[in-house]
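The values are calculated or read from the model by the stated rules, or taken from the named source; none is laboratory data. Fair warning: this is a prediction, and the values are worked out from it, not measured in the lab. Neighbour counts are summed over all protein chains in view; Cβ atoms, including those assigned to glycine, are modelled from backbone coordinates with ideal geometry. Accessible surface is based on the protein model in full, side chains and every heavy atom, while ligands, DNA and RNA are left aside. Shrake-Rupley method; radii C 1.70, N 1.55, O 1.52, S 1.80 Å.
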Amino acid sequence: GFGWQCSAMGTRCTQYSIRLIQNCSTLMVGMAPMASFKKDGDNYTSCGWYMSCRYGNLYSQRGAFNKHYVGRTCNTDGTVIGVQLKDGELSFSVIGVDMGVAFRALPNADQMYPAFDMYEHNCEFEFL
């Protein structure tokens, strides 16, 4: 069946970039603490801080839900999305354009990992 059934976590780091390859219209990109992250189901409102590739809006465990941020879709195949966590602030870039600080007062960087939620199980992207 379909649904928010696929989540993934990367190796701990404070910044990373991905390139969308295909089927990433519902991909959520962000950072999350490993301790409460679940592999099955969704995390975008319960564990971590995310930007939706569908609308460029924000979601988080602290109550952000569909909060305006980028103001346009950013899920076209080939789109490069950057994520940076610095001094407790999480920022995103889309195709090299810094979108500014999305979230403040995040946990220590040594507790945070790249995190992804996918509605479509066949989403493909690569780390750069």
For the range 109-122, what are the residues that are open to solvent by less than 20 Å² (accessible area, probe 1.4 Å) and either under 21 Å from T26 (Cβ atoms) or part of a loop (DSSP other than H, G, I, E, B) (or both)?
P114, A115, F116, D117, M118
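Do you know which residues across the range 18-42 are of a type in the set (S, T, Y) and more than 22 Å from K67 (Cα to Cα)? Steps first, please.
Of all residues in the range 18-42, those of a type in the set (S, T, Y) come to 25-26, 36.
Within the range 18-42, just S36 meets the criteria.
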Would you call K38 charged (D, E, K, R) and modelled with pLDDT of 95 or more?
no
Residue list for the range 87-108, filter: open to solvent by 40 Å² or more (accessible area, probe 1.4 Å), among the hydrophobic types (A, V, I, L, M, F, W, C) and closer than 18 Å to S17 by Cβ
I95, V97, M99, V101
Restricting to the range 1-56, name every residue that is without any contact (Cβ under 8 Å) to a residue 60 or more places away in the chain and under 25 Å from R72 (Cα atoms).
T45, S46, W49, M51, S52, C53, R54, Y55, G56
